[in-house]
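Here the structure is laid out as structure tokens; the discussion comes afterwards.
The values are calculated or read from the model by the stated rules, or taken from the named source; none is laboratory data. All of these numbers come straight from a predicted model, not from anything done at the bench. Cβ sites come from the backbone with ideal geometry, for glycine too, and all protein chains shown count toward neighbours. The protein model used for the area step is the full one, side chains on, heavy atoms only, and it has no ligands, DNA or RNA in it. Shrake-Rupley method; radii C 1.70, N 1.55, O 1.52, S 1.80 Å.
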Amino acid sequence: MTIPFPLAPAPDDASREKGRLMFAGPIDFLKGVVAMSGLPPADRIEVCFAGRSNVGKSSLINALTGRKALARASNTPGRTQEINYFTAGDSHYLVDLPGYGYAEAPVAVVAKWQALLKSYLGGRQTLRRAFVLIDMRHGIKKVDDEILTLLDRSAVTFQVVLTKADKIKTSEHEAILSQVRGALQKHPAAYPEIIVTSSEKGDGIETLRTIIATMV
């Protein structure tokens, strides 16, 4: 059976307001985690953000939270080597996972990241959804497919968030969406809606806020 993977619908007014209020409230950096023993208590809803280096993850988190420097954007891909936890009020954890697919990182460092990532994804019961960021200029690459397969094996529901939509012509969007939809067919953990975003222009940010704020 082919799954259509439509774009996530625009939120209704009540849901949009819930998302606005959540992200207008306190959003604070809690801690960086380098081992499972350092994870905070699993006492609230948790969502995580994953993506290959240079996909625009820090920029998206900053746009989502309305804080310009909450997640540190860096010109050096692979800089973030920790699982970074942020609190959204008293109800949610926002989790920034280390970027993957950076070829120049030392082999030992990459292996450590991968081991921590596998342990986290397989052992965090309060994790409701992983948002996997895909650069809309390129679609799903082999390195992305590897993390999607890991999420399948970990039984973690993931939702694709296409980033940098403003960097390509609107006329090119459909071809990329078709490629992404095709690639997602083999991933049973894929949530059946796609979010298209632009951190610079704000496209899709309200939708993503609403999805997180209304998650139960």
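General remarks:
- When the range 51-69 is filtered for residues that are surrounded by 20 or more Cβ atoms within 10 Å (Cβ to Cβ) and assigned to a loop (DSSP other than H, G, I, E, B), the ones remaining, listed by number, are Ser53, Val55, Gly56.
- Ala115 meets the conditions (1) of a type in the set (Gly, Ala, Ser); (2) open to solvent by 40 Å² or more (accessible area, probe 1.4 Å); (3) touching a residue at least 40 places away in the same chain (Cβ under 8 Å) in every case but one. The failed one is (3).
- Every condition in (1) more than 15 Å from Gly51 (Cβ to Cβ); (2) outside any helix (DSSP H, G or I) is met by Asp166 except one, and the failing one is (2).
Rundown of residues vs (1) open to solvent by 20 Å² or more (accessible area, probe 1.4 Å); (2) touching a residue at least 60 places away in the same chain (Cβ under 8 Å); (3) touching a helix residue (DSSP H, G or I) at 6+ places or on another chain (Cβ under 9 Å); (4) farther than 23 Å from Asp12 by Cβ, yes/no style:
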{"residue": "Met136", "(1), (2), (3), (4)": "no, yes, yes, yes"}
{"residue": "Leu150", "(1), (2), (3), (4)": "yes, no, yes, yes"}
{"residue": "Ala155", "(1), (2), (3), (4)": "yes, no, yes, yes"}
{"residue": "Thr163", "(1), (2), (3), (4)": "no, yes, yes, yes"}
{"residue": "Lys167", "(1), (2), (3), (4)": "yes, no, no, yes"}
{"residue": "Glu193", "(1), (2), (3), (4)": "yes, yes, yes, no"}
{"residue": "Thr197", "(1), (2), (3), (4)": "no, yes, yes, no"}
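- Contacts under 8 angstrom Cβ, first residue in the range 80-93 being under 18 Å from Arg128 (Cβ atoms) and open to solvent by less than 40 Å² (accessible area, probe 1.4 Å), partner assigned to a strand (DSSP E or B) and among the polar types (S, T, N, Q), 6 or more apart: Tyr93/Thr87
- Selection over the range 191-215 of residues that are out of contact with any Ser or Thr (no Cβ under 7 Å at 6 or more places or on another chain), more than 10 Å from Gln159 (Cβ to Cβ) and not charged (D, E, K, R) gives a count of 7.
- Residues in the range 122-134 that are touching a Cys at 6+ places or on another chain (Cβ under 9 Å) and either polar (S, T, N, Q) or free of Cβ contacts under 8 Å to residues at least 40 places away in the same chain (or both): 0 in all.
- Val216 falls short on exactly one of the conditions (1) surrounded by fewer than 21 Cβ atoms within 10 Å (Cβ to Cβ); (2) modelled with pLDDT of 95 or more, and that condition is (2).
- All positions within the range 110-158 that are under 30 Å from Ala175 (Cβ atoms) and among the hydroxyl-bearing types (Ser, Thr, Tyr): Thr149, Thr157
- Here Asp145 meets each of (1) in contact with a Pro (Cβ under 9 Å, 6 or more places away or on another chain); (2) more than 29 Å from Gly25 (Cα to Cα) with one exception, condition (1).
- Scan the range 131-148 for residues that are under 17 Å from Ser198 (Cβ atoms) and assigned to a helix (DSSP H, G or I) and the total you get is 0.
- Hey, Arg128 in a strand (DSSP E or B) and of a type in the set (D, E, K, R) or not: yes
- Residues in the range 185-209 that are under 30 Å from Met1 (Cβ atoms) and small (Gly, Ala, Ser): Ala189, Ala190, Gly204.
- Inspection of the range 147-167 finds a residue satisfying the criterion of being under 25 Å from Leu70 (Cβ atoms), at pLDDT below 95 and either out of contact with any His (no Cβ under 8 Å at 6 or more places or on another chain) or of a type in the set (Asp, Glu) (or both).
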